[in-house]
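Note sheet for the following structure.
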Amino acid sequence: MNAIVAVDQNWAIGKDGNLLCHLPGDLKYFKEKTVGNVNIVGRKTLESFPGGKPLPNRTNIVITRNPDYEAEGCILCRSKEEVLEKIKEYDTEKVFIAGGAEIYKQFMEDCEHFYVTKIYESFEADRYFPNLDELGYEVTWESPLQEEKGIKYRFLRYSRP
């Protein structure tokens, strides 16, 4: 299983339910990695997507504790255990944890690879991703430096040590 996330230089991922910044290149990278695959997100992350709708051309699994919650076009699970049972039907290389902070934390130990967009800026934030550098994860691939709107970033793949 994989995780995919965009972080700033302090490993921040969001504020008030939104991304830190809008980088079309990062959104394109996210789409390239996840189309045709399985995305696992929390309810709040689903509701932050355009129109609160699941992302197209992906299997969208949504975790929510609310037994009455409904989301058209999604597979709903009520627990981590239920998600782990459901994804047995899929190739784990094609499964991506895609947020938010609580969901990343729950599945951290289950992920082999972490596709990280590292943004070389600091933003005001209220949600963070664990610092993979401090935790001893290894960078196994990195893209050339990118720049959009004066913001520098690169794509990294971290792997479990």
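The values are calculated or read from the model by the stated rules, or taken from the named source; none is laboratory data. Everything numeric here is computed off the predicted structure, so don't read it as measured data. A quick note on method: Cβ atoms are made from the backbone with ideal geometry, for glycine too, and the neighbour counts reach across all protein chains shown. When the accessible area is computed, the model is the full protein with side chains, heavy atoms only, and any ligands, DNA or RNA have been set aside. Shrake-Rupley method; radii C 1.70, N 1.55, O 1.52, S 1.80 Å.
Listed by chain and number, the lysines whose C-alpha is less than 25 Å from the C-alpha of Lys44, apart from same-chain residues fewer than 8 away, are Lys15, Lys28, Lys31, Lys33, Lys53, Lys80, Lys86, Lys88, Lys94, Lys105, Lys118.
Overall, the accessible surface of the chain at a probe of 1.4 angstrom is composed of carbon and sulfur to the extent of 47 percent. Only Lys, Arg, Asp and Glu carry charge here, each on its Cβ (+1 for the first two, -1 for the last two); on that basis the stretch 62-161 has a dipole of about 160 debye about its Cα centre. For the chain, the 222 nm mean residue ellipticity estimated from helices alone, with every DSSP H stretch of n ≥ 4 adding -39500 (n - 2.57) and the total spread over all residues, rounds to -5000 deg cm²/dmol. Within the listed set Glu85, Glu70, Glu47, the Gaussian network model of the chain (springs between alpha-carbon atoms below 10 Å) gives the highest mean-square fluctuation for Glu85.
With the Cα gyration tensor of the stretch 1-119 giving a ≥ b ≥ c as the square roots of its eigenvalues, does the rule (a/c under 1.5 for rounded; else a/b larger than b/c for prolate; else oblate) give rounded, prolate or oblate?
Details: a/c = 1.44, a/b = 1.27, b/c = 1.13.
Judged from the Cα gyration tensor, the stretch 1-119 comes out rounded (a/c under 1.5).
Report the net charge of residues surrounding Cys77, where surrounding means a beta-carbon distance below 12 angstrom and charges are Lys +1, Arg +1, Asp -1, Glu -1. It would help to have the intermediate numbers written out before the result.
Values: positive: Arg43, Arg65, Arg78, Lys80, Lys86; negative: Glu81, Glu82, Glu85.
Taking every other residue near Cys77 into account, the sum is +2.
The spacing between the stretch 88-139 and the stretch 26-61, judged by their C-alpha centroids, is 15 Å.
Heavy-atom accessible area with a 1.4 Å probe sorts Cys111, Cys21, largest first, into Cys21, Cys111.
Taking the C-alpha atoms only, the angle from helix 24-34 to the longest principal axis of the chain is near 40 degrees.
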